[in-house]
1. Of the numbered conditions (1) farther than 19 Å from residue 97 by Cα; (2) out of contact with any helix residue (DSSP H, G or I) (no Cβ under 7 Å at 6 or more places or on another chain), residue 230 fails exactly one; give the number of that condition.
2. Out of 105, 111, I need the residue that is in a helix (DSSP H, G or I) and either on the phi > 0 side of the Ramachandran plot or buried (at least 21 other Cβ atoms within 10 Å of the Cβ) (or both). Which one?
3. Being under 18 Å from the mean Cα position of the chain (by Cα) and surrounded by fewer than 22 Cβ atoms within 10 Å (Cβ to Cβ) is the requirement here; does residue 147 meet it?
4. Taking the condition of being within 14 Å of the chain's Cα centre (by Cα) and either within 19 Å of residue 77 (Cβ to Cβ) or exposed (fewer than 13 other Cβ atoms within 10 Å of the Cβ) (or both), how many residues in the stretch 16-52 meet it?
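Throughout, read-outs are computed from the coordinates displayed, never taken from laboratory work. Because the structure is predicted, anything quoted here is derived from the model rather than measured. Positions of Cβ are backbone-derived with ideal geometry, glycine not excepted, and every protein chain shown enters the neighbour counts.
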């Protein structure tokens with residue numbers, strides 16, 4: 001039943017604003033990094049390791065957490081805006097199944113945005129090549145590690161934002177939480193208290209100098225996400241709680 005629900009949800013977001021944002025947010029980061037590098041390195045060699053580090057830093061510190069807040073708000077906002085929650089739950093499905101289907105859909109959009117970021121950065125590098133820059137060292141970036149670490153470390157944020165947008169009927173609340181969470185990354189993420197702040201897990205997993213710290217961030221994020229998703233899925237299954 002959940003697989004069928006996911007298929008239905010995928011059909012509902014076809015040509016939607018959520019799909020546009022999945023492409024627009026990575027594109028903005030890629031264009032910003034392209035412009036900065038083009039201005040900085042008008043001649044000479046580009047440090048491609050720094051290029052990728054800068055791109056993932058902008059994505060992890062700023063755009064990615066805000067994107068997760070926006071995308072969960074848009075996906076659940078379709079039901080709030082059209083008042084279709086009760087209609088959906090008149091079908092032979094449980095609210096928990098719908099909650100999980102929406103979460104899986106949000107995870108697909110998260111995965112898609114990270115893939116789009118890699119693709120758009122790669123396209124930007126090819127443009128640098130057409131402009132005469134050397135790109136022989138440009139693709140030594142670990143794409144698999146980025147996809148694995150970025151998606152796993154962001155799961156707690158996705159769970160919390162999904163639950164907030166499920167419960168609140170307007171998009172302002174999840175976006176406000178996303179903005180506040182993003183603002184704390186710079187301060188808390190660079191302190192010893194980063195382990196208590198899920199919004200810092202992405203940058204720690206991607207850019208921490210120590211492999212042990214990166215792995216710790218992944219373990220913390222995965223554990224917290226599984227526990228939170230289990231608790232919240234049980235919670236939304238209580239009779240009538242979605243419409244209190």
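1. (1)
2. On the way: 111 fails: either on the phi > 0 side of the Ramachandran plot or buried (at least 21 other Cβ atoms within 10 Å of the Cβ) (or both).
None of the other options fit; the residue is 105.
3. Working: under 18 Å from the mean Cα position of the chain (by Cα): yes; surrounded by fewer than 22 Cβ atoms within 10 Å (Cβ to Cβ): yes.
Here the answer is yes, as residue 147 does meet what is asked.
4. Of the residues in that region, 7 qualify.
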